[in-house]
1. Mind listing the long-range amide H neighbours of residue 145? Cut-off is under 5 Å, sequence gap 5 or more, other chains count too, H placed in the peptide plane at 1.01 Å from N.
2. In nm, give the distance between the simple-model label positions of residue 82 and residue 157, each being 7 Å from the Cα along the Cα-to-Cβ direction.
3. Which residues in region 40-60 have a backbone N closer than 20 Å to a point placed 7 Å from the Cα of residue 73 along the Cα-to-Cβ line?
4. What distance in nm separates the simple spin-label points at residue 168 and residue 104, each placed 7 Å from Cα in the Cβ direction?
5. So which lysines can residue 115 reach, going by Cα to Cα under 28 Å and dropping same-chain residues fewer than 8 places off?
Amino acid sequence: MSHCTILRRTLGFSALAALLFVATPALAQQKIGFVNPQRVVNETRLGQMAKADLARYVAEKERLARESASQLATLRKEAEATALSAPERARREEAYRRKSRMHETLLQENARDIKAEEAKLLQYVMRRADAVLEDIGRKGGYAIIFTDPAAVGYVDKANVDLTDRVAKELDARGK
């Protein structure tokens, strides 16, 4: 999740929490809920499809990394060949160093891209779950439904965890 999204949610949660401290009869009867986003991803068909998409994406990135590593190994062997003249050895060593830098850059980009894709897929699932959260919140009289475990110090899961309900409803809407 991006830092802006986390900050926005945290500020939103803080504002809503401040409203809870206002002593009004309407707020006194409203409830607080909690949903674990990782469980929504793990326990829904939509989340499973997103995870499968991510696995295919990761597999392709790993294939590219293995291909690059193989090319790098070939260049290393060529640079270490004993029957090379000094200029040819220097040329091949330079090609190996260039390819080595390119390989390291590829690995860093792959890691960054995979992390970004993972965040994007989580956001996609949770955007779809937001409609479910809104309906459950409105119909169930919830003033707040937290989706960030770090925003809550203690959660009485037996009374406020709505994750199973959200996962079932999200799956039902996906049919």
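1. Residues meeting the amide H criterion: 33.
2. 6.4
3. In region 40-60, the label zone of residue 73 (backbone N under 20 Å from the point 7 Å along Cα→Cβ) covers 59-60.
4. 5.4
5. Correct list for residue 115: 51, 61, 99, 168.
A short reminder: the numbers here are calculations on the coordinates, not readings from a lab. No experiment lies behind these values; they were computed from the predicted model shown. Reconstructed Cβ throughout: ideal geometry from the backbone, glycine too, with neighbour counts over all protein chains shown.
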